[in-house]
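*Asks:* Pasting a structure here, questions to come.
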Amino acid sequence: MKNPIGIMQGRLSPPVNEKIQAFPWSRWEQEFFQAKEIGLDLIDWIVEADKLYENPLLSTEGAKAIKRVTSRTGVSIGAVCADYFMDCPLIRCSKSDLKERINVLELLIDRLSHFKIKYLEMPFVDNSAIKDSTELKQIIQIIKPRLDKAYQLGVTLAFETSLPAEIFKTLLLDLNHPAARANYDTGNSASLGYKPEEELEAYGELVVTVHIKDRVLKGRTVPLGQGDTDFITCFSILRAKNYTGPFILQVARGGDEIELAQKNMLFVKNFLDR
């Protein structure tokens with residue numbers, strides 16, 4: 001397999017406010033140069049609710065800085081992880097909040113198009129998890145009218161959910177659009193007790209981005225190879241499904257982040273080279 005390997009933004013810097021994942025405000029440009037030195041192909045950019053409109057992806061000066069650093073390093077933004085929707089979900093909110101959140105979704109689609117970024121990762125886990133069939137229908141009603149424009153702009157929405165395989169597959173089939181696809185998180189699935197052979201056989205052909213992570217069953221994120229993620233099966237089925245998208249390191253924190261990134265990149269390459 002010759003897939004690009006990337007890293008979640010912030011994983012090449014010390015944690016921000018002790019969070020496992022956050023936008024690295026003071027070091028985001030340096031991370032591109034560090035990614036280049038390590039040999040990573042791309043960065044998965046983070047957009048949070050906190051200081052949303054100050055995010056470089058959404059500002060004029062920030063856009064210029066992004067274009068400079070990606071041009072100088074050759075490291076691209078392979079996807080945008082819209083963590084904004086973790087704090088501001090599209091469900092269980094007032095009509096006024098929903099309107100604002102849809103506006104943010106449409107803005108993000110436009111900005112990804114501007115930067116020619118293919119994938120907008122939409123998390124529906126934890127605080128934003130889809131809890132029942134009513135919420136599932138609400139998501140379809142919100143997302144479906146925006147897929148044509150996303151497709152025309154060259155943007156694919158990659159959904160990450162905590163739904164069981166067949167229900168997630170139903171969501172994707174109900175959306176029924178080439179701009180509606182899946183993000184697969186190896187660790188989150190393992191923590192939920194889901195089996196990769198069931199998930200990837202159900203919707204593997206619709207996966208466009210993969211987050212590499214290891215977690216223990218019903219527990220926390222741990223270093224790669226120390227949890228319950230069945231990496232052998234994950235990589236084997238993705239290879240059989242002719243997966244060509246990126247593998248993005250979204251791994252446990254701690255210690256020297258650069259050294260960890262190098263080690264974790266080699267972990268992934270070992271499976272790709274088999």
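*Asks:* Might you let me know whether the stretch 46-57 holds any residue that is under 30 Å from residue 138 (Cβ atoms), in contact (Cβ under 8 Å) with a residue 40 or more places away in the chain and in a helix (DSSP H, G or I)?
*Replies:* yes
*Asks:* Looking only at residues in the stretch 106-146 that are closer than 15 Å to residue 83 by Cβ and aromatic (Phe, Trp, Tyr), which one is nearest to the chain's Cα centre (by Cα)?
*Replies:* Among those residues, the one meeting the criterion is 119.
*Asks:* Related question: Report yes if residue 170 is β-branched (Val, Ile, Thr), closer than 26 Å to residue 197 by Cβ and more than 15 Å from the chain's Cα centre (by Cα), otherwise no. Break it down stepwise before answering.
*Replies:* Values: β-branched (Val, Ile, Thr): yes; closer than 26 Å to residue 197 by Cβ: yes; more than 15 Å from the chain's Cα centre (by Cα): yes.
For residue 170, the condition - β-branched (Val, Ile, Thr), closer than 26 Å to residue 197 by Cβ and more than 15 Å from the chain's Cα centre (by Cα) - is met.
*Asks:* I need a count of the residues in the stretch 23-45 that are in a loop (DSSP other than H, G, I, E, B) and closer than 11 Å to residue 261 by Cα. Let's see the steps before the verdict.
*Replies:* Here is the first cut: in the stretch 23-45, the ones in a loop (DSSP other than H, G, I, E, B) are 23-27, 39-41.
Narrowing the set further to residues that are closer than 11 Å to residue 261 by Cα leaves 39-40.
The qualifying residues number 2.
*Asks:* Next question, about the same structure. Run down 188, 176 and say which single residue is under 25 Å from residue 117 (Cα atoms) and surrounded by fewer than 16 Cβ atoms within 10 Å (Cβ to Cβ). If you could, list the steps in order and put the result at the bottom.
*Replies:* On the way: 188 fails: surrounded by fewer than 16 Cβ atoms within 10 Å (Cβ to Cβ).
Result of the check over 188, 176: 176.
*Asks:* Output the qualifying pairs, or none if there are none: Cβ atoms under 8 angstrom, residues six or more apart or on different chains, first residue in the stretch 241-270 and farther than 28 Å from residue 206 by Cβ and among the β-branched types (Val, Ile, Thr), second residue at pLDDT 95 or above and in a helix (DSSP H, G or I).
*Replies:* Final answer for the pair search is 258/34; 258/38.
*Asks:* Now for a separate question. Are any residues in the stretch 125-140 surrounded by 13 or more Cβ atoms within 10 Å (Cβ to Cβ) and on the phi > 0 side of the Ramachandran plot, and if so, which ones?
*Replies:* Residues satisfying the conditions do not exist here.
*Asks:* Only one residue in 149, 169, 137 is more than 21 Å from residue 91 (Cα to Cα), without any contact (Cβ under 8 Å) to a residue 60 or more places away in the chain and not in a loop (DSSP other than H, G, I, E, B), so which one is that? Before the answer, list the steps.
*Replies:* Values: 169 fails: more than 21 Å from residue 91 (Cα to Cα); 137 fails: more than 21 Å from residue 91 (Cα to Cα).
Being more than 21 Å from residue 91 (Cα to Cα), without any contact (Cβ under 8 Å) to a residue 60 or more places away in the chain and not in a loop (DSSP other than H, G, I, E, B) holds for just one of 149, 169, 137, which is 149.
*Asks:* Something else about it: Under 6 Å by Cβ, and 6 or more places apart or on different chains, what pairs join a residue from the stretch 204-229 that is hydroxyl-bearing (Ser, Thr, Tyr) and surrounded by 15 or more Cβ atoms within 10 Å (Cβ to Cβ) with one that is assigned to a loop (DSSP other than H, G, I, E, B) and at pLDDT below 95?
*Replies:* Note: pairs meeting the criteria are 221/252.
*Asks:* Moving on to the next point. Only one residue in 162, 236, 191 is free of Cβ contacts under 8 Å to residues at least 12 places away in the same chain and among the hydroxyl-bearing types (Ser, Thr, Tyr). Which one? Give the derivation first.
*Replies:* Working: 162 fails: free of Cβ contacts under 8 Å to residues at least 12 places away in the same chain; 191 fails: free of Cβ contacts under 8 Å to residues at least 12 places away in the same chain.
So the residue among 162, 236, 191 that is free of Cβ contacts under 8 Å to residues at least 12 places away in the same chain and among the hydroxyl-bearing types (Ser, Thr, Tyr) is 236.
*Asks:* Specify which of the listed residues (35, 49) is in contact with a Cys (Cβ under 6 Å, 6 or more places away or on another chain) and not hydroxyl-bearing (Ser, Thr, Tyr). Show your work before the answer.
*Replies:* On the way: 35 fails: in contact with a Cys (Cβ under 6 Å, 6 or more places away or on another chain).
None of the other options fit; the residue is 49.
*Asks:* Mind checking which residues of the stretch 1-22 are in a loop (DSSP other than H, G, I, E, B) and buried (at least 21 other Cβ atoms within 10 Å of the Cβ)?
*Replies:* The first filter runs over the stretch 1-22 and keeps only residues in a loop (DSSP other than H, G, I, E, B), leaving 1-4, 9-22.
Once the filter is applied, which keeps residues that are in a loop (DSSP other than H, G, I, E, B) and buried (at least 21 other Cβ atoms within 10 Å of the Cβ), the stretch 1-22 yields 9, 10, 11, 12.
*Asks:* Another question about this same structure. Out of the residues in the stretch 54-77 meeting the condition of being under 20 Å from the mean Cα position of the chain (by Cα) and farther than 24 Å from residue 244 by Cβ, tell me which one is surrounded by the fewest Cβ atoms within 10 Å (Cβ to Cβ). Don't jump to the end; show me each part of the working.
*Replies:* Taking the stretch 54-77 first, the residues under 20 Å from the mean Cα position of the chain (by Cα) are 55-58, 66, 70, 75-77.
Keeping just the survivors that are farther than 24 Å from residue 244 by Cβ gives 55-58, 66.
On the way: 55: 21, 56: 19, 57: 21, 58: 17, 66: 20.
Only one residue tops the list, namely 58.
*Asks:* Same structure, new question: Working only within the stretch 96-124, note down all residues that are surrounded by fewer than 16 Cβ atoms within 10 Å (Cβ to Cβ) and either assigned to a loop (DSSP other than H, G, I, E, B) or of a type in the set (D, E, K, R) (or both).
*Replies:* 97, 99, 100, 106, 110, 116
The values are calculated or read from the model by the stated rules, or taken from the named source; none is laboratory data. Keep in mind it's a predicted model, so treat the numbers as computed, not measured. Cβ coordinates were reconstructed from backbone atoms using ideal geometry, including for glycine residues, and neighbour counts include every protein chain displayed.
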